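The values are calculated or read from the model by the stated rules, or taken from the named source; none is laboratory data. Bear in mind that the values here come from a model prediction, so they are computed numbers and not experimental data. Surface accessibility is based on the protein's heavy atoms, side chains included, excluding ligands, DNA and RNA. Shrake-Rupley method; radii C 1.70, N 1.55, O 1.52, S 1.80 Å.
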Amino acid sequence: ISSISKDNAAYHTGMLDINDRALLLKTNIMDATPYMYVSPANMMFSTIWIAVVIAIFAVIKRKKEQFKETDEIGV
């Protein structure tokens, strides 16, 4: 584009294409930005979320073991 004169239609088309690509890049960066922040709040929410998932699996495992024990006893 730098080698084309500014009054040429190809220059105008090229600049419009660059503008569209820049807007698309800006939109993609804006969409990805919340996932890139490492803040204390995000770290705490992630930790809580992981703890909840681990707790759910622990409860399920404990219940499964209790059911297995009751089946072995025959109660």
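Observations
- Candidates Thr13, Thr70, Thr33 - the one that is over 33 Å from the mean Cα position of the chain (by Cα) and modelled with pLDDT under 90: Thr70
- Taking the criterion of being open to solvent by 100 Å² or more (accessible area, probe 1.4 Å), outside any helix (DSSP H, G or I) and among the β-branched types (Val, Ile, Thr), the only residue of the range 1-55 that qualifies is Val38.
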